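The values are calculated or read from the model by the stated rules, or taken from the named source; none is laboratory data. Everything quoted here is computed from the prediction, not taken from an experiment. Note: ideal-geometry Cβ built from the backbone for every residue, glycine included; neighbour counts use all protein chains shown. To get the accessible areas, we keep the full protein, side chains included, count just its heavy atoms, and leave off ligands, DNA and RNA. Shrake-Rupley method; radii C 1.70, N 1.55, O 1.52, S 1.80 Å.
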Amino acid sequence: MEIKTFHDSATWTLSHIAYDAETKDAVIIDPVLDLDTIGWRTHTDSLQLLDAFIAEHGLNVHYILDTHIHADHLSGMQYLKDKYQAKLVINKAITIVQETFKDVFNMASDADGHEFDVLVSDGDTLTAGSLNFKVLHLPGHTPACTGFHIENAVFTGDALFIPDIGTGRCDFPKGSASDLFNSVTTKLYSLPDDTRVFPGHDYPGDHRDLRMETTIGESKADNVDLPASRDKEGYIKFMEDRDKTLPLPRLIYQGVQVNMAAGQLPKAESNGAQYLKIPIYNDK
Ligand SMILES: [Fe+2]
């Protein structure tokens, strides 16, 4: 099994293609649909990089996996589904996220998980030809966050990042630092130390270059938010204090609204235009 990772510098997202070089079986994890936030146009430059790699290697894409409902970018799921006739996969706890955000957006939505093709649960095996992924439910950043474990690699989404970035924030609706502590320490830190970890984001800068992977061993020793030595109470207090200092993601309303519909943009209205809904809060 081989892994190719792509970094979207506009949203700091890491998208991955896991594939078998012999059988050509492949899955795509956390693809990005680009969004121009001045002209409000989507475009597919990032997805075309994946397309080029898939074509170059002659891959057969079985599934598109979103590790969770992203709040910082639009999912490229639908574009890839149409292009490769691949199935869309997400955790069955997606319905909790959909119910929560229907309220936030005051939407009369019929979202109930049917927007996706496969709803997975903890412990399931997802088979894509010669590739077998074990599903790890990793609630905490959101209630439906999921990791996908295959051979000596695990795709962790926003549960566990490169060690100097830490773990995902837990202050979104239905997020829980207690749950994320349990997810990371019981389901990820129980994997062998040499397991390769592929997160959903990286945030390089002047301090260091881009990193696309770490290991469970390095995370246990050096993760700035949750080293294996940290106790649960200390982690929860640390995260509650830390998360209060974070601004909302720039695309939270756009991202959540589209991604809870499996990356589908809203239907066109009578004038042919599509609209997203953004709540406005007024300080008194
Ligand atoms: Fe996220």
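Summary of values
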{"item": "Hey, P279 within 18 Å of T167 (Cα to Cα) and either in contact with a Pro (Cβ under 6 Å, 6 or more places away or on another chain) or open to solvent by less than 100 Å² (accessible area, probe 1.4 Å) (or both) or not", "result": "no"}
{"item": "Residue within segment 165-188 that is part of a loop (DSSP other than H, G, I, E, B), among the acidic types (D, E) and in contact with a Lys or Arg (Cβ under 8 Å, 6 or more places away or on another chain) present", "result": "yes"}
{"item": "Pair list, Cβ under 6 Å, 6 or more apart: segment 168-180 residue closer than 14 Å to K237 by Cβ and in contact (Cβ under 8 Å) with a residue 40 or more places away in the chain, other residue open to solvent by 30 Å² or more (accessible area, probe 1.4 Å) and aliphatic (A, V, I, L, M)", "result": "A177/I236; S178/I236"}
{"item": "Only one of Y253, Y203 that is out of contact with any His (no Cβ under 6 Å at 6 or more places or on another chain), exposed (fewer than 14 other Cβ atoms within 10 Å of the Cβ) and over 21 Å from N152 (Cα atoms)", "result": "Y203"}
{"item": "Among the residues listed as H7, H68, the single one being in a loop (DSSP other than H, G, I, E, B) and within 16 Å of the ligand (Cβ to nearest atom)", "result": "H68"}
{"item": "Residue among F101, F53, F116 that alone is in contact (Cβ under 8 Å) with a residue 60 or more places away in the chain, among the aromatic types (F, W, Y) and touching a strand residue (DSSP E or B) at 6+ places or on another chain (Cβ under 8 Å)", "result": "F116"}
{"item": "When residues of segment 142-152 are limited to those that are over 21 Å from H62 (Cα atoms) and open to solvent by 10 Å² or more (accessible area, probe 1.4 Å), the one nearest to the chain's Cα centre (by Cα)", "result": "T142"}
{"item": "Scope segment 222-237; condition open to solvent by less than 70 Å² (accessible area, probe 1.4 Å), of a type in the set (A, V, I, L, M) and either within 14 Å of D164 (Cα to Cα) or not in a loop (DSSP other than H, G, I, E, B) (or both); matching residues", "result": "L226, I236"}
{"item": "Meets criteria (within 15 Å of the chain's Cα centre (by Cα) and either in a helix (DSSP H, G or I) or not hydroxyl-bearing (S, T, Y) (or both)) for L210", "result": "no"}
{"item": "Residues within segment 71-118 that are within 14 Å of the ligand (Cβ to nearest atom) and part of a loop (DSSP other than H, G, I, E, B), tallied", "result": "3"}
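Let's see how each residue does on (1) β-branched (V, I, T); (2) surrounded by fewer than 17 Cβ atoms within 10 Å (Cβ to Cβ):
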{"residue": "M77", "(1), (2)": "no, no"}
{"residue": "D82", "(1), (2)": "no, yes"}
{"residue": "Q85", "(1), (2)": "no, yes"}
{"residue": "N91", "(1), (2)": "no, no"}
{"residue": "V97", "(1), (2)": "yes, no"}
{"residue": "E115", "(1), (2)": "no, no"}
{"residue": "G123", "(1), (2)": "no, yes"}
